[in-house]
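Heads up, the thing below is written out as structure tokens.
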Amino acid sequence: LDPSALTGLPFATTIAVIPERADVAEVAASYRAVGSEVAIFAGDLPQGATASDLEIAFQSYHSALPEAVAFTGAATADFQRSALMAQHLTQLLSVEGMGFVGYDQGLNPVRRAAERAKLPYASVDKLFGPSEDNSGTLGRELDRAAFAAGQRGSVVVAIPTTPEAITGLMAWAASPAAAGVALAPV
């Protein structure tokens, strides 16, 4: 999706940006200019990567997105599942004053490492997949998330930046179902 479509949202969000983009600085600046947060969306490291490899990759990501407030990646990434990688990553994030957006799965080593390091951590409660980006499915799932947020105080959802998903989000945000919900960045 063209980045300008996301800068037109009538509410602030957290937008995860792939740091290897050729236009990463311009895209991130355009999101920040409209009040959205920028997070680093990291790809997975090669099989057998070490903590040193993670540190080198992180420095490259942070260099590309120095104003990022958080770090995230795919739910299947090694740094989401490996206790050693999670511990090293939380140390790197702590030094930079960044938070982590992860996924509650398995033993959740990232959450445990973040708690030990007193690092801000948010867990994605609902991750929308490609088959859920139509407005009907998205609307029903956002209704469920809003209900859960009413019970727990907050819910984090991750939505793909496809035209269908953003259109569905906009339609839901303008609907009566969203009236009692404060859409906000992580």
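The values are calculated or read from the model by the stated rules, or taken from the named source; none is laboratory data. It should be emphasised that the depicted structure is a prediction, and the values quoted were computed from it without experimental measurement. Positions of Cβ are generated from backbone atoms using ideal geometry, with glycine treated the same way; all protein chains shown enter the neighbour counts. Heads up: the accessible areas ignore ligands, DNA and RNA and are worked out on the full protein's heavy atoms, side chains in. Shrake-Rupley method; radii C 1.70, N 1.55, O 1.52, S 1.80 Å.
Limited to the stretch 100-118, what total is found for residues that are under 18 Å from SER154 (Cα atoms), in contact with a helix residue (DSSP H, G or I) (Cβ under 8 Å, 6 or more places away or on another chain) and either open to solvent by less than 20 Å² (accessible area, probe 1.4 Å) or part of a strand (DSSP E or B) (or both)? Outline the logic, then answer.
Of all residues in the stretch 100-118, those under 18 Å from SER154 (Cα atoms) come to 100-104, 111.
Add one more test, that the residue is in contact with a helix residue (DSSP H, G or I) (Cβ under 8 Å, 6 or more places away or on another chain), and what stays is 100, 102-104.
Filter again for either open to solvent by less than 20 Å² (accessible area, probe 1.4 Å) or part of a strand (DSSP E or B) (or both), leaving 100, 102-103.
Of the residues in the stretch 100-118, 3 are under 18 Å from SER154 (Cα atoms), in contact with a helix residue (DSSP H, G or I) (Cβ under 8 Å, 6 or more places away or on another chain) and either open to solvent by less than 20 Å² (accessible area, probe 1.4 Å) or part of a strand (DSSP E or B) (or both).
Please give the number of the condition ALA49 fails out of (1) among the aliphatic types (A, V, I, L, M); (2) under 19 Å from PRO120 (Cβ atoms); (3) surrounded by fewer than 17 Cβ atoms within 10 Å (Cβ to Cβ).
Only one criterion in (1) among the aliphatic types (A, V, I, L, M); (2) under 19 Å from PRO120 (Cβ atoms); (3) surrounded by fewer than 17 Cβ atoms within 10 Å (Cβ to Cβ) is unmet by ALA49, namely (2).
Under 12 Å from the mean Cα position of the chain (by Cα) and among the hydroxyl-bearing types (Ser, Thr, Tyr) - does that describe any residue in the stretch 61-72?
yes
Report the residue count in the stretch 21-46 for those that are among the hydrophobic types (A, V, I, L, M, F, W, C), more than 17 Å from THR7 (Cβ to Cβ) and open to solvent by 60 Å² or more (accessible area, probe 1.4 Å).
Here is the first cut: in the stretch 21-46, the ones among the hydrophobic types (A, V, I, L, M, F, W, C) are 22, 24-25, 27-29, 33-34, 38-42, 45.
Going one step further and asking which of them are more than 17 Å from THR7 (Cβ to Cβ), we end up with 22, 40-42, 45.
With the extra rule that they be open to solvent by 60 Å² or more (accessible area, probe 1.4 Å), the set shrinks to 22, 41.
Residues in the stretch 21-46 being among the hydrophobic types (A, V, I, L, M, F, W, C), more than 17 Å from THR7 (Cβ to Cβ) and open to solvent by 60 Å² or more (accessible area, probe 1.4 Å): 2 in total.
Would you point out the residue of the stretch 73-99, among those that are at pLDDT 90 or above and not in a helix (DSSP H, G or I), that is farthest from LEU119 (Cα to Cα)?
Filtering the stretch 73-99 for residues that are at pLDDT 90 or above and not in a helix (DSSP H, G or I), the one farthest from LEU119 (Cα to Cα) comes out as GLY73.
Which pairs turn up if I take residues in the stretch 130-157 that are more than 9 Å from TRP172 (Cβ to Cβ) and look for partners that are open to solvent by 80 Å² or more (accessible area, probe 1.4 Å) and not β-branched (Val, Ile, Thr) with beta carbon separation below 6 Å, at least 6 apart in sequence or on another chain?
From the stretch 130-157, the pairs are ASP133/GLU164; ASN134/GLU164.
Just name the residue that is farthest from SER94 (Cα to Cα) out of those in the stretch 124-147 that are touching a strand residue (DSSP E or B) at 6+ places or on another chain (Cβ under 6 Å) and open to solvent by less than 30 Å² (accessible area, probe 1.4 Å).
The selected residue is ALA145.
Could you please tell me which pairs satisfy a Cβ distance under 6 Å, a separation of 6+ or placement on different chains, a first residue in the stretch 54-75 that is aromatic (Phe, Trp, Tyr), and a second residue that is surrounded by 14 or more Cβ atoms within 10 Å (Cβ to Cβ) and not in a strand (DSSP E or B)?
From residues that are aromatic (Phe, Trp, Tyr), the pairs are PHE58/LEU92; TYR61/PRO19; PHE71/LEU93; PHE71/MET98.
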